[in-house]
1. Sort out for me the Cα centre separation of region 1-74 from region 102-176, rounded to whole Å.
2. If you take all C-alpha pairs in region 55-133, what percent of them are over 19 Å apart?
3. When the chain is modelled as a GNM with alpha-carbon springs shorter than 10 Å, which of 376, 91, 18 fluctuates the most?
4. For the chain, set up a GNM with springs between Cα atoms under 10 Å and report which of 121, 146, 219 has the largest fluctuation.
5. Taking the Cα-to-Cβ direction at residue 125 and at residue 250 and moving 7 Å from each Cα, how far apart do the two end points lie in nm?
6. Heavy-atom accessible area of residue 403 with all protein chains present, probe 1.4 Å, nearest 10 Å²?
7. Which of rounded, prolate or oblate describes region 364-431 when judged by the alpha-carbon gyration tensor and an a/c cut-off of 1.5?
8. In terms of solvent-accessible area of protein heavy atoms at a 1.4 angstrom probe, what is the ranking of 205, 272, highest value first?
Amino acid sequence: MSETLVVVGSQWGDEGKGKITDYFATRADMVVRYQGGNNAGHTVVFGGNKYSLQSIPSGIFNPKTVNVMGNGMVVNPVSVIAELEKLHDRGITDYQLFISTRAAMVMPWHSVLDGAYEAGLGNALIGTTKKGIGPAYSDKYSRIGLRMGDLLEPDYFRERLDAALAVKNRELEMLGLPTFDPQQVFDQYMELAKVLGPMITDTSRMVNDALNTPDKRVLFEGAQGMMLCIEHGTYPYVTSSSPSASSVPVGAGIAPKWVRNAIGVAKAYCTRVGSGPFPTELFDEIGDGIRERGHEYGTVTGRPRRIGWFDAVVGRYTAELGGLSHWAVMLLDVLSGLDTIKICVAYDLDGKQIQSPPSTIASLARCKPVYIEMPGWTEDITGIKEFDKLPENAKAYVRKLEEVTGVPVGMISVGPDREQTIIVDPELNNF
Ligand code: GDP
Ligand code: IMO
Ligand code: MG
């Protein structure tokens with residue numbers, strides 16, 4: 001039987017999915033990204049080097065691991081090539097990377113429109129990464145999008161490009177924005193195709209073949225986080241795809257039966273970039289301290305991240321949605337030095353206590369956190385390798401997270417490096 005594991009963000013993104021994916025990728029045969037695009041910024045640290053990946057899977061550092069950018073992604077060819085060049089400059093030249101023929105292609109007008117929609121929203125702006133993710137997914141679902149496989153068929157690509165631009169240029173004109181010349185775009189993309197062409201293939205065939213091979217280990221790397229899910233997150237302050245484990249079959253082109261284990265990546269506190277309700281948000285010096293200690297500034301945009309206490313209402317919700325078997329609790333080291341640590345265990349909505357997030361944003365915006373308090377610890381825990389060696393209060397905090405979310409903690413991260421990882425449940429060593 002092949003082994004599969006889904007690494008899924010369980011808060012508002014930037015939980016440390018890159019680190020956890022890299023951790024397991026060292027022994028994975030395949031790592032598959034199944035949604036999102038270069039709005040993601042996944043950090044991987046090992047051997048004294050730090051890498052930031054946007055659309056390329058975090059298994060890229062392992063020459064034997066096949067990395068797949070699945071059909072559920074939106075792929076910006078210019079950005080993929082730039083990412084590859086950055087990796088080459090850092091000496092990462094021995095890798096296996098494949099891109100789905102079916103993946104939607106991010107075109108130059110998508111980021112222009114992303115910026116224009118945001119400007120049009122004024123104060124109601126979403127705070128997107130301006131990478132064109134929303135417009136690219138919109139065009140996919142409007143069926144006027146281009147796909148990565150179109151790059152392999154120049155005549156067809158040209159037809160699709162003309163059809164798309166007939167619509168898009170009219171939209172750009174209406175917004176008073178410069179239009180695109182089909183010939184120029186065609187020439188540019190045929191150049192990009194020379195570089196990426198050999199990597200573009202039917203990746204769902206590859207993933208299914210791997211799954212049907214005994215003893216293969218296939219890892220699925222989510223981007224963003226479940227609270228940013230277009231279906232189940234804090235709409236409209238979300239991304240335009242569904243990061244949950246339920247998206248893996250559609251976004252990778254496989255059957256649901258293969259999705260058996262999902263590890264929910266969650267910080268020991270919460271962060272969010274961009275607009276939208278955030279019930280446990282901190283506006284005081286405790287939040288500022290966490291931001292500085294955790295270097296909580298966006299990997300993609302450099303924006304300061306909003307900081308809050310761990311939200312177990314969100315934790316229970318995403319655990320259910322993601323079918324989580326374990327938590328990976330991240331950045332526990334950042335909480336060292338606090339007298340008291342709070343955990344939100346319920347919301348107060350209009351005077352009534354509720355245990356799961358309301359499904360409308362207007363209600364969520366009125367929710368007040370109900371906290372329990374845990375005593376903090378002062379020790380530096382960044383060198384600790386075993387759960388038992390953690391300070392008593394840190395252990396108690398982790399055990400409390402399990403209790404209030406109902407999901408066991410499988411691993412704990414106490415620093416950005418691959419080595420700064422504590423395995424709590426040895427079952428995870430089976431992957
Ligand atoms: P992702 O988008 O989920 O992959 O997460 P990001 O890479 O955007 O953000 C996580 C940040 O936290 C990165 O800068 C990581 O290097 C860093 N990080 C990950 N785990 C830990 C940890 O346990 N402790 C500390 N201090 N930093 C960590
Ligand atoms: P990773 O994979 C954190 C947020 C943006 C914005 C909203 C919509 O690194 O965890 P988009 O550009 O997707 O249309 O922006 O979603 N966002 C993320 N926040 N981490 C991410 O990715 C994010 N990707 C998008 O800040 O609020
Ligand atoms: Mg990130």
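1. 26
2. Value for region 55-133: 48 percent of Cα pairs lie more than 19 Å apart.
3. 91
4. 121
5. Calculated label separation equals 2.9 nm.
6. My reading of the accessible area for residue 403 is about 130 Å².
7. Taking the square roots of the gyration eigenvalues as a ≥ b ≥ c, region 364-431 is prolate.
8. Most to least solvent-accessible, the answer reads 205, 272.
The values are calculated or read from the model by the stated rules, or taken from the named source; none is laboratory data. All figures in this text were calculated on a predicted structure; none of them were measured in a lab. Because the Cβ atoms are built from the backbone with ideal geometry, glycine has one as well, and the counts that use them run over all protein chains shown. Only protein heavy atoms, including side chains, enter the accessible area calculation; ligands, DNA and RNA are left aside. Shrake-Rupley method; radii C 1.70, N 1.55, O 1.52, S 1.80 Å.
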